[in-house]
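To start, the structure under review is shown below, and the notes come after it.
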Amino acid sequence: ATLEAVGNCGSLGIHYEEAGDFAAADKAYALGCNTGMTAGKDQYYGQDRVCYWAAKNARNNLHDYANARRWFRYTCDAGEYPFACKFLGLMEAQAEGGPADPIAATQRYGQACDMVEDITIGDGQACLFFGRSLIANRIDLAMESWAGISVEPVTRDALPESLIMDVLTQASRAFIRGCADDIKEACTAFDTLLADWARGDYPRFAVECRVEDAQGRVISAKTCN
């Protein structure tokens, strides 16, 4: 139970988990992770990695959701493992170890999606989940955005449509990142979002579009979205 031995605890946990002894794996992982969590800000002994393994074993094999959440949260907030943020988001979305919190889940998916600049070494699936969650919870997220920029209360019906459009734009960008990581469902989700938006399922701004010839004469004019 020393910081220098954190990695050994992780290796022992892997040994037990591969042998199917999940309780013994949990004991080893927990010792390594909990000890590692006492490290100072600039001290690194592999504790993020061990805590991630501990959380996955706790969630998937033991259904110990309380510890899984705690360890995923630690690893996610350390900013090194986007997958930890994604799994924490899934737990928050699916009410594993606590009440369902779709807004908190959306935020965790966003952390995972944006954690690394090059998404091909990140978690493109998290971007897919992020985009889907943004669309599903767009009104509540737009309400939160309004609360952050105005002291005036607003009802859901009177919410500025531009804020909803901002959330949807964020979703489209999330799908693009997921697609760049070769997540085919993200590519499809992007196409579907734009098709639904063009069809009028979501708020749009109307603008006057004109085509002019070389002399500046209008040869076509119509309202576009």
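What follows draws every value from the coordinates through simple rules; no lab data is involved. Predicted, not measured: the structure shown is a model, and the values here were computed from it. For neighbour counting, all protein chains shown are included, and Cβ atoms are generated from backbone atoms with ideal geometry for every residue, glycine included.
Below is a table of values for the structure above.
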item	result
Residue-span extension gain [ASN8 to ASP118] - 0.36 nm each, minus C-alpha spacing	36.5 nm
Spatial separation of Cα centroids for segment 87-129 and segment 35-82, in angstrom	15
Extension gain from LEU194 to VAL207, taking 0.36 nm per residue of separation minus the Cα-Cα distance	2.9 nm
Segments 94-102, 136-144 sorted - mean Cβ within 10 Å per residue, highest first	136-144, 94-102
For segment 32-96: relative contact order, % (alpha-carbon pairs under 8 angstrom, 6 or more apart)	26
Entries of LYS27/LYS86; LYS56/LYS86; LYS27/LYS56 with Cα pairs more than 20 Å apart	LYS27/LYS86
Gain in span if fully extended, VAL154 to ALA39, counting 0.36 nm per residue against the direct Cα distance	36.9 nm
Gyration tensor over alpha-carbon atoms, segment 81-225, equivalent ellipsoid semi-axes in Å	33, 22, 12
Selection of chymotrypsin sites (Phe, Trp or Tyr not before Pro), segment 143-225, meeting DSSP coil and at most 12 other Cβ within 10 Å	PHE205
At q = 0.19, 0.21, 0.28 Å⁻¹, base-10 log of I(q)/I(0) for segment 169-213 (Debye sum, equal scatterers on each alpha carbon)	-0.64, -0.71, -0.94
